[in-house]
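Everything below concerns the one structure shown next.
The values are calculated or read from the model by the stated rules, or taken from the named source; none is laboratory data. Note that the structure is predicted; figures quoted are calculated from it, not measured. Here Cβ is always computed from backbone atoms with ideal geometry, including for glycine, and neighbour counts include all displayed protein chains. These area figures cover heavy atoms from the full protein model, side chains too; ligands, DNA and RNA do not enter into them. Shrake-Rupley method; radii C 1.70, N 1.55, O 1.52, S 1.80 Å.
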Amino acid sequence: MSRQKKTMDGNTAAAHVSYAFTEVAAIYPITPSSVMAELSDKWSAEGRKNLFGQPVKVSVMQSEGGAAGAVHGSLTAGALTTTFTASQGLLLMIPNMYKIAGSLLPGVTHVSARALATHALSIFGDHSDVMSCRSTGYAMLCSNNPQEVMDLGAVAHLAALKGRVPFLHFFDGFRTSHEIKKVEVWDYEELKEMVDMDALAAFRARALNPEHPVLRGSAQNPDIFFQTSETRNQYYDALPAVVEDYLDQVNCRLGTNYQLFNFYGPPDAETVMVAMGSMCDAAEEVVDHLNAQGEKVGLVKVRLYRPFVTDRFLAALPATVQNIVVMDRCKEPSSIGEPLYQDVVTALAASPLAGVKVVGGRYGLGSKDTTPGGILAAFRNGQREDPVRSFTINIVDDVTHRSLPILEEPDVSDADTISCKFWGLGGDGTVGANKNSIKIIGDNTQMQVQAYFQYDSKKSGGVTISHLRFGKNQIKASYYVTKADFVACHLASYMEKFDIVQDIKPGGTFLLNCGWGIDELSARLPAACKKYLAENNIKFYTVDAIKIAREIGLGGRTNMILQSAFFKLSGILPIEDAVKYMKDAIVTSYGRKGEKVVNMNNAAVDAGLESLVEITIPESWKNPAPNGVPASVDTDRVDLKKYVDGIMTPVNNMRGDALPVSAFMD
């Protein structure tokens with residue numbers, strides 16, 4: 001059965017598939033999982049029906065612990081129940097998770113995995129939260145991108161019901177939860193065909209009922225507690241086969257190849273990376289890049305993390321493997337290795353591959369961008385005779401010296417992919433406009449699309465950077481755009497502070513929102529910016545969107561003007577089609593606000609096409625006069641000067657990624 005394709009983010013994919021199987025959703029939204037809960041609540045209010053023909057009953061609780069308690073109670077009463085959470089919210093659910101798993105209740109928790117607050121709060125993604133749940137008894141299933149969220153999310157619900165073990169289905173916070181791609185969407189009737197109705201009936205029959213009283217949740221003394229705990233072994237032993245069966249059913253219907261552990265690469269690979277989460281897509285690109293150069297490397301993608309099925313993992317490894325590189329997206333202080341690394345070492349210990357060299361590394365904490373160069377460095381470290389055994393990538397650790405130097409940052413993306421980057425201000429409409437653009441292209445063309453939005457923690461009022469990609473083939477680049485065909489800066493003051501044009505490919509296009517002529521551009525643009533534009537044959541355009549928006553009556557809302565200019569300059573769509581789609585989207589977005597608002601936004605689209613100014617770059621920009629030395633903090637306090645000059649200034653200038661570990665030592 002062919003499935004409808006829609007452009008959506010990972011959270012929307014999870015919400016769509018979970019709504020189908022859910023009768024009760026107990027929620028307490030937390031970033032970055034909030035969208036899942038909010039969509040479920042919205043759809044329920046609109047009367048949308050699950051696969052049982054009923055709207056989901058959504059209960060908004062007053063804390064994550066309360067949501068977990070509601071899930072436990074609802075499951076005990078015989079209702080299929082779901083929740084959505086992340087980070088500290090997930091940790092507040094752990095006490096109830098032990099009870100839910102101990103009672104063999106088939107709940108599902110969808111987690112947009114996020115960092116835990118340790119030395120500092122981070123709202124961004126890694127696996128710290130889900131790794132804290134390993135001993136709860138929940139099965140753990142990992143998705144790597146929005147399409148897998150849609151597909152494996154269904155497997156989590158189906159297997160939980162049939163296997164009688166609750167599932168924690170997780171995917172990377174922000175990197176997958178907020179990444180927009182073209183996704184094939186399940187039809188609820190097709191999902192219903194896969195539900196084990198006998199298992200559902202048995203679950204209903206086990207519900208607490210005053211007509212059929214049973215004893216649950218009692219206290220047990222030392223004489224029987226241990227034995228009772230061991231009764232659950234049979235369900236965990238049987239669960240991998242249940243998951244495999246549903247993966248096979250999904251594969252049969254979709255033509256996919258989901259397995260408990262998926263190997264990617266040549267059958268005679270000698271160096272193999274083991275990972276889970278969004279990094280796997282980028283690692284596939286690096287594997288292809290290295291093998292095209294005659295190397296023999298591969299990747300094992302972990303899907304069912306708990307229970308960890310040793311024989312399936314070993315079967316996924318090629319017999320030729322000599323080096324294994326395990327990548328964990330978390331840090332477990334004082335341990336001898338991070339969780340996935342320890343699982344891999346244990347799995348190999350009693351196998352014919354016991355002599356294979358294994359190294360473990362950390363990556364991507366707090367959504368630190370993981371680049372092809374970092375992944376390549378990890379492969380190279382695994383191939384060394386004397387590797388760094390507990391390493392990090394994409395940072396500079398000049399204190400304990402565990403970071404790997406990045407000696408090469410290859411362009412491993414598909415050659416047909418068009419990459420774009422937009423600098424905006426939180427709340428100025430840039431992100432919203434780019435979400436519209438990606439959906440217009442994704443829903444109205446055959447092109448593959450990807451959009452990812454880089455936020456400041458304070459969101460509104462902070463810097464936003466939108467990373468968009470378009471192409472004929474699947475896009476696997478789960479990292480920031482640094483080699484762009486098109487770059488736009490929607491706030492002219494950014495030019496004096498950030499390195500913006502340096503990400504444009506030679507011959508690419510740059511759009512600046514300003515009303516400056518060539519003399520003012522020459523005076524205001526930094527020397528490095530002018531030199532790069534001139535030496536790399538960049539096509540340079542300006543548009544005074546702020547002035548146009550005021551004249552039209554839109555105030556400070558410049559997003560439609562700049563979106564229109566983007567479509568004209570990028571050439572991704574025929575401009576007449578792009579205009580039609582933009583104006584259709586305006587009616588959808590603003591129609592309820594009246595004809596006047598719609599007409600103003602339509603006028604903004606037309607103005608964006610007509611008001612572009614092409615800048616002829618002077619030859620003198622190749623040798624510009626240098627800028628003055630940036631001002632240093634004026635203070636007698638050495639500690640304050642060191643903090644401001646050494647940390648705050650580079651962070652404020654978007655150069656914090658380059659700061660070494662030593663910059664943060666007391």
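Quick check: the angle from helix 146-163's long axis to the longest principal axis of the chain, C-alpha only, nearest 10 degrees? For 146-163 against the chain, the angle is about 10 degrees. Tally the DSSP beta bridges in the chain and give the antiparallel ones as a percent, rounded to 5. Percentage antiparallel, nearest 5: 40. Sorting Glu64, Glu595 by accessible area puts them as Glu595, Glu64; the probe is 1.4 Å, largest comes first, and only protein heavy atoms count. Full extension of the chain between Asn291 and Ala523 gives 78.7 nm of extra length, using 0.36 nm per residue less the Cα-Cα distance.
When the C-alpha to C-alpha distance is required to be over 21 Å, the pairs from Lys421/Lys530; Lys182/Lys593; Lys181/Lys593 that qualify are Lys182/Lys593; Lys181/Lys593. Going Cα to Cα from Lys596, which lysines come in below 18 Å? Please leave out same-chain ones fewer than 8 positions away. Of all the lysines, those that pass the test against Lys596 - Cα under 18 Å, at least 8 places apart if same chain - are Lys583. Keeping all protein chains in the complex and leaving out DNA, RNA and ligands, what accessible area do you get for Ser335 with a 1.4 Å probe, in Å² to the nearest 10? Surface open to solvent at Ser335 totals about 40 Å². The length gained by stretching the chain between Glu332 and Ala219 to full extension, at 0.36 nm per residue less their Cα-Cα distance, is 37.4 nm. Under 23 Å of direct C-alpha separation, and excluding same-chain neighbours fewer than eight residues apart, Lys642 reaches these lysines: Lys497.
Computed from the Cβ-Cβ distance with R0 of 41 Å, the FRET efficiency linking Glu614 to Thr400 stands at 0.20.
Legend: distances between Cα atoms for Lys57/Lys192; Lys5/Lys435; Lys439/Lys472; Lys162/Lys476; pairs beyond 22 Å are Lys162/Lys476. Candidate cross-link partners of Lys531 among the aspartates and glutamates, defined by an alpha-carbon separation under 13 Å and a same-chain spacing of 8 or more, comprise Asp499, Glu619. The chain gives an Rg/Rh value of 0.99, both radii derived from C-alpha positions and Rh following Kirkwood. With R₀ fixed at 35 Å, the C-beta to C-beta distance from Glu551 to Gln446 puts the FRET efficiency at about 0.40. When only Cα pairs below 8 angstrom with a gap of at least 6 residues are kept, the chain shows a relative contact order of 10 percent. The accessible-area ordering, largest first, of the residues Ile615, Ile441 stands as Ile615, Ile441, per a 1.4 angstrom probe. Could you state the angle between the C-alpha long axis of helix 233-254 and the longest principal axis of the C-alpha atoms of the chain, as a value from 0 to 90 degrees rounded to the nearest 10? The helix 233-254 is inclined about 50 degrees to the chain. With a 1.4 Å probe rolled over the protein heavy atoms of all chains, the accessible area of Lys357, Lys547, Lys439 falls in the order Lys547, Lys439, Lys357, largest first. Across the accessible surface of the chain, with the other protein chains kept in place and a 1.4 Å probe, carbon and sulfur atoms take up 52 percent. Can you tell me the orientation of helix 575-590 relative to the chain, as the angle in degrees between its alpha-carbon axis and the longest Cα principal axis, to the nearest 10? For 575-590 against the chain, the angle is about 60 degrees. Using R0 = 22 Å, the C-beta based FRET efficiency linking Leu353 and Ala241 works out to 0.40. Computed extension gain for Asn473 through Asn537, at 0.36 nm per residue and net of the alpha carbon distance, reaches 20.3 nm.
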